[in-house]
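*Asks:* This structure is in structure tokens; I'll ask about it shortly.
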2 protein chains.
Amino acid sequence: MFDAYGTLFDVHSVIALCEQLWPGKGAALSQLWRAKQLEYTWQRSLMRRYEDFARVTEAGLLYACLALRLPLDEERRRSLMSAYLRLSPFPEVREVLATFKASKLKLAILSNGSPAMLRPLVAAAGLGGLIRTIISVDARKIYKPAPAVYRLAVERLRAPKTSIGFVSSNCWDACGAKSFGFRTFWINRTGAPVDELGATPDHVIGSLAELPALIRRPLS
Amino acid sequence: MFDAYGTLFDVHSVIALCEQLWPGKGAALSQLWRAKQLEYTWQRSLMRRYEDFARVTEAGLLYACLALRLPLDEERRRSLMSAYLRLSPFPEVREVLATFKASKLKLAILSNGSPAMLRPLVAAAGLGGLIRTIISVDARKIYKPAPAVYRLAVERLRAPKTSIGFVSSNCWDACGAKSFGFRTFWINRTGAPVDELGATPDHVIGSLAELPALIRRPLS
């Protein structure tokens, strides 16, 4: 089971469009946009004011543009939000998913994204034939790393949690999944330290390409 | 009722010591330390793995030093954690609190900090005679902006929530308190945009010095 944003799909693939709209500001905008998007998921979950990930993503964009003093008109807002439906998958994703599919592992996505964001994203990347089970936190109206989210996946997959391997590039997500009881794989693409959250990922790897060697057969 | 960290006390007053320990890195360390400290409060609350604020603050420091490749030995760790018990109050704090106290308003602190962190902090700043009621989220084992925290304050103060004014420099904290039902004052020291969290602070001011003009008598 894979996280989507940052794990299968590169959230910073929006930098190119950001850069085109505001030359020299693309990377800064993308970083702040992503940071606020995540903060809002945690804060809204704690406040019990859940809004779906499209709304939270747009709120993060609005905040980031205001903070960086980048004028966001309706057309730019729409084109950036639409870019979020066409994020690039990381280069190794297709081959790794194809390898797992060939070995009869059941593949799934567990993501903060709403179904309306995830389906076009998977389709645009041409991954629909490889990964069909898409589980969205939207069914529980709370965001990761709340245990309710990981529990939802157990219910949907109808499998014991110890038989589920969860892969995320977001360390706090891998820690949350580990705390819940999954076997976890943290994709540490940037050489960051492990987060200090009282639960540590079982495996730390540099990209999805290292996964098949760790999982040669169904986990059960 | 006042938030403590960032509102009455300048969390970045540790920069001087950080800078002394690692010249040229003080500001970056202080920023990342604070950012991770806050992230951990949200993530641990959602994970239901509460640890007190001293532990979370130390975890943020460890992460930040690892990420910035700053060697943190036992002596440095202790001296930085101890600096967190002696953060500088913002320059206007004493006078504003004295003004309110003279006008018979009941003053309180509502903070993520544990009692063992808050008491020495208030005492070291010489504010113990001005603000005696210190309410810590530690009694509820969850962090801001969870409604349980703001509800705790209502219980401790034995006052209706509409009679409580809450002051924070952390916009998400002011939004959380507003969402709960307090009259809220956001101290926006840096000219940041309002967070997009579905609840907006009632007042936005540049420093505590603007508060007395807004609150001339007990709110009730």
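*Asks:* If a/c stays under 1.5 just call it rounded; otherwise compare a/b with b/c (prolate if a/b is bigger, oblate if not). Do that for segment A:88-215, with a ≥ b ≥ c from the square roots of the Cα gyration tensor eigenvalues.
*Replies:* rounded
*Asks:* With a ≥ b ≥ c the root eigenvalues of the C-alpha gyration tensor of segment A:1-106, is it rounded (a/c under 1.5), prolate (a/b larger than b/c) or oblate?
*Replies:* Oblate.
*Asks:* Kindly provide the helix-only [θ] at 222 nm of chain B, computed as the sum of -39,500 (n - 2.57) over DSSP H runs of four or more divided by all residues, to the nearest 500 deg cm²/dmol?
*Replies:* Value at 222 nm, helices only: -13500 deg cm²/dmol.
*Asks:* Give me the angle, in degrees from 0 to 90, between the Cα long axis of helix B:115-124 and the longest principal axis of the Cα atoms of chain B, rounded to the nearest 10.
*Replies:* Helix B:115-124 sits at roughly 80 degrees to that axis.
*Asks:* Give, ordered by residue number, each residue of segment B:182-216 whose 1.4 Å probe accessible area is reduced by a minimum of 50 Å² on adding the remaining protein chains to the chain alone.
*Replies:* With the partner chains in place, segment B:182-216 has these residues losing at least 50 Å²: B:P193, B:D195, B:E196, B:L197.
*Asks:* For chain B, modelled as a Gaussian network with Cα springs under 10 Å, which listed residue fluctuates most, B:E51, B:E210, B:E75?
*Replies:* B:E75
*Asks:* Whole number in Å², please: accessible area per residue of segment B:11-83, 1.4 Å probe, ligands, DNA and RNA not counted. Show your work: numbers first, answer last.
*Replies:* Details: 3290 Å² over 73 residues.
Normalised by residue count, the accessible surface of segment B:11-83 is 45 Å².
*Asks:* List the distances, in nm to one decimal, from the label point of A:E155 to the label points of the same position in every other copy, shortest first, placing each label point 7 Å from Cα along the Cα-to-Cβ direction.
*Replies:* Between copies, matching label points for A:E155 lie 2.8 nm apart.
*Asks:* Putting +1 on Lys and Arg Cβ atoms and -1 on Asp and Glu Cβ atoms, find which of A:A28, A:L62, A:S13 reaches farthest to the positive end of the dipole of segment A:1-63.
*Replies:* My answer, from the dipole projection, is A:L62.
*Asks:* Could you size up the charge dipole of the protein assembly as shown around its Cα centre, putting +1 on the beta carbon of Lys and Arg and -1 on that of Asp and Glu, and report it in debye to the nearest 20?
*Replies:* Computed about the Cα centre, the dipole is about 1340 debye.
*Asks:* For segment A:11-59, which trypsin sites (Lys or Arg not before Pro) are in a loop by DSSP, counting at most 11 other Cβ atoms within 10 Å? Working shown, then result.
*Replies:* Numbers: sites: A:K25, A:R34, A:K36, A:R44, A:R48, A:R49, A:R55; in loops: A:K25, A:R48, A:R49.
For trypsin sites (Lys or Arg not before Pro) across segment A:11-59 that sit outside H, G, I, E and B with at most 11 neighbouring Cβ atoms in 10 Å, the list is empty.
*Asks:* Taking a point 7 angstrom from the Cα of B:L214 along the C-beta vector, which residues in segment B:1-26 have backbone N less than 18 Å away?
*Replies:* B:1-9
*Asks:* Sticking with this one: Pairing the Cα long axis of helix A:93-102 with the longest principal axis of chain A, what angle in degrees results, from 0 to 90 and rounded to the nearest 10?
*Replies:* Relative to chain A, helix A:93-102 is tipped by roughly 30 degrees.
*Asks:* For segment B:148-220, what class follows from the C-alpha gyration tensor (a ≥ b ≥ c being the square roots of its eigenvalues): rounded when a/c is under 1.5, otherwise prolate if a/b is larger than b/c, else oblate? Write out the running numbers ahead of the final one.
*Replies:* Working: a/c = 2.27, a/b = 1.24, b/c = 1.83.
Judged from the Cα gyration tensor, segment B:148-220 comes out oblate (a/c at least 1.5, b/c at or above a/b).
*Asks:* Output, in nm with one decimal and in ascending order, the distances from the A:T133 label point to the matching label points of the other copies (7 Å from Cα along Cα-to-Cβ).
*Replies:* From this label point to the equivalent ones elsewhere in the assembly: 5.2 nm.
*Asks:* Pull out the extension gain between B:S207 and B:A83, defined as 0.36 nm times the separation in residues minus the alpha carbon to alpha carbon distance; nm, one decimal.
*Replies:* 42.3 nm
*Asks:* Want the number for B:R151 to B:V194: 0.36 nm per residue separation, take away the alpha-carbon distance, what's left?
*Replies:* Details: separation 43, 0.36 × 43 = 15.48 nm, distance 2.35 nm.
Stretched out fully, the B:R151 to B:V194 stretch lengthens by 13.1 nm.
*Asks:* Something else now. What percent does the relative contact order of segment A:11-83 come to when contacts are Cα pairs within less than 8 Å and at least six residues apart? Walk me through the numbers on the way to the answer.
*Replies:* On the way: 60 pairs, mean separation 23.2, N = 73.
Reported as a whole number, the value is 32 percent.
*Asks:* What do you get for trypsin sites (Lys or Arg not before Pro) in segment B:158-218 restricted to DSSP loop and a cutoff of at most 15 other Cβ within 10 Å of the site's Cβ?
*Replies:* Those that pass, being in a loop and sparsely packed, are B:R158, B:R189, B:R216.
*Asks:* Roughly how many debye, to the nearest 20, is the charge dipole of segment A:63-159 about its Cα centre, given +1 on each Lys and Arg Cβ, -1 on each Asp and Glu Cβ, and no other charges?
*Replies:* With only Lys, Arg, Asp and Glu charged at Cβ, the dipole is about 380 debye.
*Asks:* Note the buried accessible area between B and A here, summed over both chains, with a 1.4 Å probe, in Å² to the nearest 100.
*Replies:* 2900 Å²
*Asks:* Ok, one more. What residues of segment B:1-33 lie in the reach of a label at B:L70, counting those whose backbone N is under 19 Å from a point 7 Å from the Cα along Cα→Cβ?
*Replies:* B:6, B:10-33
*Asks:* What angle do you read, to the nearest 10 degrees and between 0 and 90, between the alpha-carbon axis of helix A:147-157 and the longest principal axis of chain A?
*Replies:* Computed tilt is about 60 degrees.
*Asks:* Which chain A residue comes nearest the axis with its C-beta when you rotate A onto B, and by how many angstrom?
*Replies:* Here the nearest residue and distance are A:W42, 2.
*Asks:* Place the label 7 angstrom along Cα→C-beta at A:P91 and in each other copy, then list the distances from the first to the rest in nm, shortest first.
*Replies:* Distances between equivalent label points, in nm: 5.3.
*Asks:* Relative contact order for chain A: what percent, with Cα pairs under 8 Å and sequence separation of 6 or more?
*Replies:* The normalised contact order for chain A reaches 20 percent.
*Asks:* Between segment B:1-49 and segment A:60-80, what is the separation of their alpha carbon centroids in Å?
*Replies:* When both Cα centres are located, 28 Å separates them.
*Asks:* What percent do you get for the relative contact order of segment B:88-215 when only Cα pairs under 8 Å and 6+ apart count?
*Replies:* It rounds to 20 percent for segment B:88-215.
The values are calculated or read from the model by the stated rules, or taken from the named source; none is laboratory data. Owing to the predicted nature of the structure, the values given are computational and were not obtained by experimental measurement. Counting neighbours? That spans all protein chains shown, and the Cβs are built from the backbone with ideal geometry, glycine included. In case anyone asks, the SASA skips ligands and DNA or RNA and just uses the protein heavy atoms, side chains included. Shrake-Rupley method; radii C 1.70, N 1.55, O 1.52, S 1.80 Å.
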